[in-house]
Amino acid sequence: MRLSRTARVVLGCVTAAGLAIVYVPLLLVLLNSFNADRSFGWPPSGLTGRWWRAALHSDGAREALLTSLKAGLAATAIALVLGTLAAYAVHRYRFFGRRTVSFLLVLPIALPGIVSGIALNAAFRTVLDPIGIGFGLFTVVVGHATFCVVIVFNNIGARLRRIAPSLAEASADLGARSWQTFRYVTFPAMRSALFAGGLLAFALSFDEIVVTTFTAGPGTRTLPIWIYENLARPHQAPVVNVVAALLILVSVVPVYIAQRLSSDTAGGRL
């Protein structure tokens, strides 16, 4: 379909405006992390790296970063195992309630975060409190895993739908057992989707705040929660901007790699 010159100009302006609304605030955060003015006056009076040095020496920021990494890696590991097994079962076998299981697996990502947080909080108080397990890193990991599983499940499911069933049938005809077929045929074909799903799950977990607010204990602070708690403190504002800039960078990198992996495999480069 060919667009008129006016339509192309209007479409380009609308696209540019949308991108500006999304990315200009992020660029301002990155720029303010180097702003020499503590009050973030505009335009910046100068550029400095002292706020980055201050952030590196901030015990609270370092502990929050370590907690976020632990929670993200643990939730991603759980999501990779459960999401892969669930996707393989749903897309390779026929059983009663298969569509219902698929719907229930995808549902957590569609629910508002505050609803999931309240539900998890109530469940943890009902189930874990009586056996002496309080709120902490464990509950944060479980909370994050509930929606990270969805990311892996969708990625692996989409890849399995593109793998021709004839490959597994040919493997079976050649005498391969089910495990050998999975190891030598199915797994290599979905390996990049598994990696991309893990990266996306980690990025989603790393910057999650709503569910974390309801599942973290009093002494458990992830990086997003640390930013929120220190946002209103004038002396911490420059360090908060640095940590926010770091959060942006850490979130962008895995999403970019996952997007490249997805586009490469879509183009036939497994």
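The values are calculated or read from the model by the stated rules, or taken from the named source; none is laboratory data. As the structure is a computational prediction, the values presented were derived from the model and not from experiment. Every residue, glycine among them, receives a Cβ derived from its backbone with ideal geometry; neighbour counts consider all protein chains shown. To get the accessible areas, we keep the full protein, side chains included, count just its heavy atoms, and leave off ligands, DNA and RNA. Shrake-Rupley method; radii C 1.70, N 1.55, O 1.52, S 1.80 Å.
Structural remarks
- Hits in the stretch 115-135 (condition: buried (at least 17 other Cβ atoms within 10 Å of the Cβ) and in a loop (DSSP other than H, G, I, E, B)): Phe135
- Residues of the stretch 67-108 classified as over 18 Å from Ser178 (Cβ atoms) and outside any helix (DSSP H, G or I), total: 2
- Only one of the numbered conditions (1) surrounded by 14 or more Cβ atoms within 10 Å (Cβ to Cβ); (2) basic (Lys, Arg); (3) farther than 14 Å from His144 by Cβ is not met by Arg99, and that is (1).
- Boolean, Leu11 is at pLDDT 80 or above, open to solvent by 90 Å² or more (accessible area, probe 1.4 Å) and more than 28 Å from Pro238 (Cα to Cα): yes
- Pair list, Cβ < 6 Å and 6+ apart or interchain, from the stretch 58-80 residues that are touching a residue at least 12 places away in the same chain (Cβ under 8 Å) to residues that are among the charged types (D, E, K, R) and open to solvent by 60 Å² or more (accessible area, probe 1.4 Å): Ala64/Arg221
- Residue satisfying condition, being surrounded by 17 or more Cβ atoms within 10 Å (Cβ to Cβ), among the basic types (Lys, Arg) and in a helix (DSSP H, G or I), within set Arg159, Arg191: Arg159
- Just one of the numbered conditions (1) in a helix (DSSP H, G or I); (2) open to solvent by 20 Å² or more (accessible area, probe 1.4 Å); (3) small (Gly, Ala, Ser) is not true of Gly198: (2).
- Residue that is farthest from Val141 (Cα to Cα) [pool: residues in the stretch 44-66 that are in a helix (DSSP H, G or I) and open to solvent by 60 Å² or more (accessible area, probe 1.4 Å)]: Arg50
- If the condition is being surrounded by fewer than 16 Cβ atoms within 10 Å (Cβ to Cβ) and either in contact with an Asp or Glu (Cβ under 6 Å, 6 or more places away or on another chain) or of a type in the set (A, V, I, L, M) (or both), then the stretch 171-186 contributes Ala172, Leu174.
- Val142 closer than 18 Å to Glu208 by Cβ, open to solvent by less than 70 Å² (accessible area, probe 1.4 Å) and in contact with a helix residue (DSSP H, G or I) (Cβ under 7 Å, 6 or more places away or on another chain): no
- Candidates in the stretch 221-239 are the residues that are of a type in the set (A, V, I, L, M) and part of a loop (DSSP other than H, G, I, E, B); of these, the one that is surrounded by the fewest Cβ atoms within 10 Å (Cβ to Cβ) is Ala232.
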